[in-house]
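Before any comments, here is the structure.
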Amino acid sequence: MKPQQPEAGEGNLLDRLRKSWFPAAAVVGALASFIAAALRLRPEPGTVLQTTEKPAPPVPPQQAGPNLPAGGFKREYRKSGSLVGGAAAQQFRSSLAGIAVGPGDRVYALGDGEIRTFEPGGSLVAVWKVVPNASCLAAGSDGHVCIGAPGRVEIYDPAGRHTGGFAAGESAGRPAGITAVKWFRDEILAADADARLIRRYDRHGKQLGLIGTKARAGSFILPNGWLDFDVDAQGVIRATDTGRHQVTAWALDGTPLGSFGKFGMGNPEDFVGCCNPVNVAVTHDGKIVTGEKMVARVKVYEPDGRLLALIGPENFDPKCIHLHLAVDSKGWILVADPVRREVSRFFPVAEAADNAPLRDRETAGGIRQEYARI
């Protein structure tokens with residue numbers, strides 16, 4: 001991971017210029033990249049190309065999207081059915097807004113104005129109603145769940161009883177546009193996409209600090225109006241900076257710790273299109289999991305930005321603008337597809353030595369893991 005450069009002062013002329021022109025430039029660049037990538041990667045359904053050339057053979061699903069390098073996969077991961085949607089009996093009627101993993105790898109899914117909880121094996125445990133317009137959720141180590149809603153954080157006990165909450169945002173009456181919440185020990189962190197920063201609270205609602213204000217532009221750059229993050233056991237925060245096509249790292253006190261990622265359409269480690277990566281999660285062994293839109297896919301990185309794994313777009317609805325992510329204690333990756341309203345799990349099935357021959361693979365190169373559908 002590349003280190004951050006020293007931050008410029010708020011009064012710096014270059015910093016003020018960057019704040020004024022970068023968001024507009026990001027939107028223009030994002031629109032151009034979206035059009036180019038859409039033409040290259042995903043034609044509209046029903047489009048007929050007039051040509052006298054012989055049609056090319058279909059591209060295997062695992063090769064869809066940007067070019068994958070040639071080489072091998074160190075690990076293989078497979079899809080282990082669906083907790084929600086797909087062939088599962090449980091189906092949200094109209095929305096799927098988030099996914100979280102709590103104590104004992106119990107799974108929490110947010111949708112249709114309620115939370116559904118599942119045992120690790122997939123059996124439905126409980127359902128309870130939550131506040132209207134809930135946009136995200138997180139499960140604490142004690143089984144309490146917090147919900148992000150416009151301008152508020154609400155707290156529920158393990159039985160689903162509402163036990164409190166607090167207003168989030170500026171004291172001057174500007175409510176927070178909450179797009180992600182996380183527990184860290186006895187604190188609650190909330191992503192305020194409207195203010196383009198992360199707010200740090202105690203569980204009673206006292207604000208303890210801000211994260212993102214020490215970025216070069218004084219905040220995250222979010223042309224899509226969405227900010228996601230996760231926090232590891234040491235308190236290191238990994239946050240999406242979609243306008244910069246980066247995953248950024250922060251200490252709890254707001255000190256920037258580094259970043260990785262860049263825009264690109266040819267290398268799988270790069271982030272294509274506009275405003276990527278959109279979603280992020282951290283595994284228990286420190287790997288970084290990202291979710292992308294336009295080419296709906298999930299990737300796994302080392303903390304320094306080396307790409308380890310790819311879950312291809314054949315696993316998700318191509319219209320997804322979010323792939324909500326969570327990881328359990330075994331390293332299984334849970335992905336919530338809000339278009340199909342499906343929660344899928346991907347699990348490791350093998351690990352090969354670096355010099356082991358590939359089995360049944362046509363693509364590869366530099367990618368050390370694979371997450372695949374069975």
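No value in this document is a laboratory result; all are computed from the given coordinates. The shown structure was predicted, so the numbers you read here are calculated from the model rather than taken from an experiment. Cβ coordinates were reconstructed from backbone atoms using ideal geometry, including for glycine residues, and neighbour counts include every protein chain displayed.
Got a sec? How would Ser123, Ser259 order by Cβ neighbour count within 10 Å, fewest to most? Could the numbers behind the result be given before it?
Details: Ser123 10, Ser259 22.
Lowest count first: Ser123, Ser259.
What FRET efficiency, computed as 1/(1 + (r/R0)^6) with R0 = 51 Å and r the Cβ-Cβ distance, is obtained for Ser123 and Asp186, rounded to the nearest 0.05?
Working: r = 30 Å, r/R0 = 0.60.
The calculated FRET efficiency here is 0.95.
Would you work out the relative contact order for region 160-246, in percent, from Cα pairs under 8 angstrom that are 6 or more residues apart? Show your work: numbers first, answer last.
Working: 149 pairs, mean separation 17.7, N = 87.
Relative contact order, region 160-246: 20 percent.
What list do you get for Val131, Val343, Val280 if you sort them by fewest beta carbons within 10 Å? Numbers along the way, then the final one.
Details: Val131 15, Val343 29, Val280 22.
Least to most surrounded, the residues fall as Val131, Val280, Val343.
Starting from the Cα-Cα distance between Asp304 and Asp105, subtract it from 0.36 nm times their residue separation and give me the gain in nm to one decimal.
Values: separation 199, 0.36 × 199 = 71.64 nm, distance 2.72 nm.
Going from the current span to full extension adds 68.9 nm.
If R₀ is 35 angstrom, what is the calculated FRET efficiency for the pair Val131 and Lys319, using the beta carbon separation as r and rounding to 0.05?
On the way: r = 27 Å, r/R0 = 0.78.
The value I calculate is 0.80.
Using the 10 angstrom Cβ neighbour count as an exposure proxy, how do His144, His322 rank, fewest first? Can you show the working numbers first?
On the way: His144 19, His322 22.
Least to most surrounded, the residues fall as His144, His322.
Show the residues, 5+ positions off or on another chain, whose built amide H is closer than 5 Å to the amide H of Gly258.
Gln4, Ala249
Using DSSP to define loop residues, name the trypsin sites (Lys or Arg not before Pro) in region 205-268 whose beta-carbon has at most 12 other beta-carbon atoms within 10 Å. It would help to have the intermediate numbers written out before the result.
Values: sites: Lys206, Lys214, Arg216, Arg238, Arg244, Lys262; in loops: Lys206, Lys214, Arg216, Lys262.
Answer by residue number: Lys206.
For the pairs Lys182/Lys293; Lys79/Lys287; Lys206/Lys293; Lys129/Lys299, flag any whose C-alpha to C-alpha distance is greater than 28 Å. Mind dumping the intermediate values first?
Values: Lys182/Lys293 22 Å; Lys79/Lys287 19 Å; Lys206/Lys293 35 Å; Lys129/Lys299 32 Å.
Over 28 Å Cα-Cα: Lys206/Lys293; Lys129/Lys299.
Sort 164-177, 181-194 by packing, meaning the average of other beta carbons within 10 Å per residue, with the highest value first. Don't jump to the answer; show the numbers that get you there.
On the way: 164-177: 15.1, 181-194: 21.8.
The most tightly packed comes first, giving 181-194, 164-177.
How much length is gained if the chain between Glu114 and Thr163 is pulled fully straight, taking 0.36 nm per residue apart and subtracting their Cα-Cα distance, in nm to one decimal?
Contour length minus Cα-Cα distance gives 16.0 nm.
Between Ser171 and Ser94, what's the calculated FRET efficiency when r is the beta-carbon distance and R0 is 35 Å? Round to 0.05.
Values: r = 35 Å, r/R0 = 0.99.
Here the calculated transfer efficiency is 0.50.
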